[in-house]
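Asker: Structure incoming, see below.
The values are calculated or read from the model by the stated rules, or taken from the named source; none is laboratory data. Remember, it's a predicted structure, so these values are computed and weren't measured experimentally. Virtual Cβ from ideal backbone geometry, glycine too; neighbours counted across all protein chains shown.
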Ligand SMILES: Cc1ncc(COP(=O)(O)O)c(C=O)c1O
């Protein structure tokens, strides 16, 4: 048996699109970059779009654009990929964690309210596993305290919050295109915003701090090389042409899983709030409280031995070794996150999985339980 954890959904159209770029001299900052950004402006409804070379660089640029710096605090979730918090450290700021909701697995707005201090500059809610964070109460807290919201939507392309596509309700948001994401560019990310000031900085700092008029060797501010090549953009454009098909096939696979998991008393899934429309990124189940972290780890090992790809999305960020070393975090600091992290199993998930493969995964897991 060999059922991988994830797999990109690539067709001949994507291969042709990449080859087409290779037959031109425009491999970077060319027409495919502009086209990819246009496609995203249309898809999300955002005014300004900046494609970059990863989700991490997208978040870093957004935090850089709001002039985050030493002494500032960034409120985010401990239950995410580490980049969500690391980007604060790149700018010398401090990530401050707010625990999650035990049902939705997203950051808990009530805990954010308690984490706000005079040093808070920005909230970075994460749309965990493709479900939008509950943005309205988060925006209320932000407005009341005069702090920004940068939404980490890296896992949520195609999701909707209160009917609107994620990405346009915060000050800025970003998506990522690593090959396990709904849409891939190989490596890549994109920033969407309606804020002209944020846009001006991110577009300049993506490209070494150049501005529109300064020429190739004119640098008006300190920047980075976070450019994405036109080869990657062409792949992204071809993927976006198939976005409905891609999201629908993932939804179908999610439905097959959901039916089987709902029949299994020892497992739970993430609760989807009625006003949130998830875009299926992964299939993560939570073992019930009778199981320990050791039990979960044993099950992961056994699944892998049987050829079923799986993972422990996410270990808590605050318990990553360098966070423990730098900030002295310990078990018990964010108990809701920890109880969940100890018991999650990410099962194989991508749009090309067959119903039979889903059955095999679920049957194997049930036997191991
Ligand atoms: C929630 C979240 N934030 C940020 C990132 C970083 O994206 P990238 O891997 O493209 O840098 C990821 C990607 O895995 C993610 O899942």
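Asker: From the list 59, 22, 68, 29, exactly one residue is in contact (Cβ under 8 Å) with a residue 24 or more places away in the chain and under 21 Å from residue 157 (Cβ atoms). Which is it? Even if it seems obvious, please write down each step before you answer.
Answerer: Numbers: 22 fails: under 21 Å from residue 157 (Cβ atoms); 68 fails: under 21 Å from residue 157 (Cβ atoms); 29 fails: under 21 Å from residue 157 (Cβ atoms).
Sole residue among the options that is in contact (Cβ under 8 Å) with a residue 24 or more places away in the chain and under 21 Å from residue 157 (Cβ atoms): 59.
Asker: Now, a different point. Here is a list of conditions, (1) closer than 27 Å to residue 36 by Cα; (2) surrounded by 21 or more Cβ atoms within 10 Å (Cβ to Cβ); (3) without any contact (Cβ under 8 Å) to a residue 60 or more places away in the chain, and residue 190 meets all of them except one; can you say which number that is?
Answerer: For residue 190, the exception is condition (3).
Asker: If you don't mind, there's one more thing I want to ask. Applying the selection to segment 57-87, what residues are buried (at least 23 other Cβ atoms within 10 Å of the Cβ) and closer than 30 Å to residue 269 by Cα?
Answerer: Hits for segment 57-87 are 58, 59, 74, 75, 76, 77, 78, 79, 80, 84, 85, 87.
Asker: If only one of 169, 182 is assigned to a loop (DSSP other than H, G, I, E, B), surrounded by 21 or more Cβ atoms within 10 Å (Cβ to Cβ) and more than 9 Å from the ligand (Cβ to nearest atom), which one is it?
Answerer: Values: 169 fails: surrounded by 21 or more Cβ atoms within 10 Å (Cβ to Cβ).
Residue meeting the stated conditions: 182.
Asker: Follow-up question, since we're still on this one. Any idea how many residues of segment 280-298 are touching a strand residue (DSSP E or B) at 6+ places or on another chain (Cβ under 8 Å) and crowded, with 19+ Cβ neighbours inside 10 Å?
Answerer: Residues of segment 280-298 that are touching a strand residue (DSSP E or B) at 6+ places or on another chain (Cβ under 8 Å), as a first pass: 282-288, 295-296.
Within this subset, residues satisfying the condition of being crowded, with 19+ Cβ neighbours inside 10 Å are 282-287.
Count: 6.
Asker: Only one of (1) more than 24 Å from residue 63 (Cα to Cα); (2) not in a helix (DSSP H, G or I) fails for residue 222. Which number is that?
Answerer: Going through the list (1) more than 24 Å from residue 63 (Cα to Cα); (2) not in a helix (DSSP H, G or I), residue 222 breaks only (1).
Asker: Which one of these is out of contact with any helix residue (DSSP H, G or I) (no Cβ under 8 Å at 6 or more places or on another chain) and surrounded by 14 or more Cβ atoms within 10 Å (Cβ to Cβ): 272, 261? Don't jump to the end; show me each part of the working.
Answerer: Working: 261 fails: out of contact with any helix residue (DSSP H, G or I) (no Cβ under 8 Å at 6 or more places or on another chain).
The unique qualifying residue is 272.
Asker: Quick check, is residue 107 within 16 Å of the ligand (Cβ to nearest atom) and either out of contact with any helix residue (DSSP H, G or I) (no Cβ under 6 Å at 6 or more places or on another chain) or without any contact (Cβ under 8 Å) to a residue 12 or more places away in the chain (or both)?
Answerer: Working: within 16 Å of the ligand (Cβ to nearest atom): yes; either out of contact with any helix residue (DSSP H, G or I) (no Cβ under 6 Å at 6 or more places or on another chain) or without any contact (Cβ under 8 Å) to a residue 12 or more places away in the chain (or both): yes.
Considered against the rule, which asks whether it is within 16 Å of the ligand (Cβ to nearest atom) and either out of contact with any helix residue (DSSP H, G or I) (no Cβ under 6 Å at 6 or more places or on another chain) or without any contact (Cβ under 8 Å) to a residue 12 or more places away in the chain (or both), residue 107 comes out as yes.
Asker: Working carefully through the options 152, 230, find the one that is over 30 Å from residue 73 (Cβ atoms) and crowded, with 24+ Cβ neighbours inside 10 Å. First the steps, then the outcome.
Answerer: Working: 152 fails: over 30 Å from residue 73 (Cβ atoms).
On inspection, the qualifying residue turns out to be 230.
Asker: Let me ask something else about it. From the list 151, 255, which one is modelled with pLDDT of 95 or more and not assigned by TED's automatic domain parsing to the domain that holds residue 122?
Answerer: None of the others qualify; the one that does is 255.
Asker: Picking from 315, 274, which residue would you name as being without any contact (Cβ under 8 Å) to a residue 24 or more places away in the chain, outside any helix (DSSP H, G or I) and within 27 Å of residue 159 (Cβ to Cβ)?
Answerer: Working: 315 fails: without any contact (Cβ under 8 Å) to a residue 24 or more places away in the chain.
When all the criteria are applied, what remains is 274.
Asker: Residues that are more than 16 Å from the ligand (Cβ to nearest atom): which helices (runs of 4 or more DSSP H) entirely in segment 1-92 hold 2 or more of them? Walk me through how you get there before you give the answer.
Answerer: Numbers: elements: 12-22, 31-44, 55-65, 83-90.
Helices (runs of 4 or more DSSP H) meeting the threshold: 12-22, 31-44.
Asker: Residues to consider are 118, 95; find the one that is more than 20 Å from the chain's Cα centre (by Cα), over 23 Å from residue 280 (Cβ atoms) and either within 16 Å of the ligand (Cβ to nearest atom) or surrounded by fewer than 21 Cβ atoms within 10 Å (Cβ to Cβ) (or both). Before you say what the answer is, go through the steps one by one.
Answerer: Values: 95 fails: more than 20 Å from the chain's Cα centre (by Cα).
Exactly one residue qualifies, and that residue is 118.
Asker: Return the residues of segment 143-163 that are more than 16 Å from the ligand (Cβ to nearest atom) and either part of a loop (DSSP other than H, G, I, E, B) or under 15 Å from residue 193 (Cβ atoms) (or both); say none if nothing qualifies.
Answerer: 146, 147, 148, 162, 163, listed by residue number.
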